[in-house]
Amino acid sequence: MGRIRREASIRSFRGDAAGALDELPHAAMSLLEETGVARDRLQGIGVAVPGLIHQESGTCVFAPNLAWSDVPLRARLAEAFGVRANVRNSMQAGAIAEARVGVGKAVRSFAWLFIGSGVGAALVLDGKVFYGKRGYTGEIGHWPVVPGGVLCACGRRGCLETIASNEAIEALTARRWAEHHPGPGPTPPIDAASVSAAADRGERFAQEAMNEVGEHLGEAVASLLNLLDLDLVVLDGDVVRAGSYLLGVVRASTASHALDAHASRIALSTVGADAMLKGAVFLAMESGSVDRFVSHGREEA
Ligand SMILES: [Zn+2]
């Protein structure tokens, strides 16, 4: 991989897909100008989006956290720049980076699990990202884990995301904190990463929250291993980076639920904090030729 020459952040386009389609080409153009790279040297564009991406068309069909539906990202970028754009779900982009420069490099089959504002996954099977029929694989956050549990953003109850997303971790920890600190007084501000760190320091309320979260994550990991016989499961996200206690719980839970967990490893991502962004760069590098990560050897249209 080369060197990232320049980065820029622009506003969030939540609820404003039309704005994104208008502004993204300008933002990319400005980056080229600032970097002194002539436009005709641009060979490809890679995009990672947190949502369902239709594989054939490169359209974002639905992105709940952005409130987008049917956004033709690939078509618009290809039209603006005259080069191919590879658009993927951000989990798939993260897994591609892990497969290229992370801990996934050494294995043929792994799952990539990210814990953030939601819980998502991507699968690399026999050396290729598994996209499924349309590209919608990896929605592990909506695996039902608690029958009749908390209402999820998807409209169903008890999804993994209602237990293990950052927001869910924070709500759960607030309840455990209150049990350990009865009496008046406000609950301190809690964020998922600091809960993870507090569990490492031996704070009981944080360990209890992490025990519950890790137990359910381990059940999900065990199901993945039973189903797919993976070499490795990679975890990423602030909460797993901030401490090692949670990883220990996930490993113990997986061992107790999987038929043969000993054959598989559970490890933290080694790509760094911006795996999905790096994955998008790999997608850009591959957009001018056959995408190595398309399953069934199918070339992009
Ligand atoms: Zn759900």
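The values are calculated or read from the model by the stated rules, or taken from the named source; none is laboratory data. This structure is a prediction, so every number in the text was calculated from the model and none was measured. Heads up, the Cβs are rebuilt from the backbone with ideal geometry, glycines too, and the neighbour counts pull from every protein chain shown.
Restricting region 198-211 to residues that are surrounded by fewer than 19 Cβ atoms within 10 Å (Cβ to Cβ) and part of a helix (DSSP H, G or I) leaves a set whose member that is farthest from the chain's Cα centre (by Cα) is Arg204.
Checking the structure you have, find out if any residue of region 112-122 is at pLDDT below 95, within 16 Å of the ligand (Cβ to nearest atom) and surrounded by 22 or more Cβ atoms within 10 Å (Cβ to Cβ). There is at least one residue in region 112-122 that is at pLDDT below 95, within 16 Å of the ligand (Cβ to nearest atom) and surrounded by 22 or more Cβ atoms within 10 Å (Cβ to Cβ).
To keep it simple, each residue is scored yes or no on (1) under 30 Å from Leu113 (Cβ atoms); (2) surrounded by 21 or more Cβ atoms within 10 Å (Cβ to Cβ); (3) touching a helix residue (DSSP H, G or I) at 6+ places or on another chain (Cβ under 6 Å); (4) not hydrophobic (A, V, I, L, M, F, W, C).
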| site | (1), (2), (3), (4) |
| --- | --- |
| Ala18 | no, no, no, no |
| Leu24 | yes, no, no, no |
| Val37 | no, no, no, no |
| Pro64 | yes, no, no, yes |
| Phe81 | no, no, no, no |
| Ala95 | yes, yes, no, no |
| Val101 | yes, no, no, no |
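Considering region 182-191, and only residues there that are in contact with a helix residue (DSSP H, G or I) (Cβ under 8 Å, 6 or more places away or on another chain) and over 22 Å from Asn65 (Cβ atoms), the residue that is nearest to the ligand (Cβ to nearest atom) turns out to be Thr187.
Quick check: anything in region 158-166 surrounded by fewer than 21 Cβ atoms within 10 Å (Cβ to Cβ) and either within 26 Å of Leu259 (Cα to Cα) or free of Cβ contacts under 8 Å to residues at least 12 places away in the same chain (or both)? Looking through region 158-166, at least one residue is surrounded by fewer than 21 Cβ atoms within 10 Å (Cβ to Cβ) and either within 26 Å of Leu259 (Cα to Cα) or free of Cβ contacts under 8 Å to residues at least 12 places away in the same chain (or both). For region 159-174, the condition holds for at least one residue, the condition being that it is within 16 Å of the ligand (Cβ to nearest atom), of a type outside the set (Asp, Glu) and either more than 21 Å from the chain's Cα centre (by Cα) or over 19 Å from Ile140 (Cβ atoms) (or both). Scanning region 123-156 for residues being away from the ligand (no atom under 13 Å from the Cβ), farther than 19 Å from Leu228 by Cβ and of a type in the set (A, V, I, L, M, F, W, C) gives a total of 0.
Yes or no: Val233 in a helix (DSSP H, G or I), modelled with pLDDT of 95 or more, surrounded by 18 or more Cβ atoms within 10 Å (Cβ to Cβ) and of a type in the set (Val, Ile, Thr)? Answer is no for this residue.
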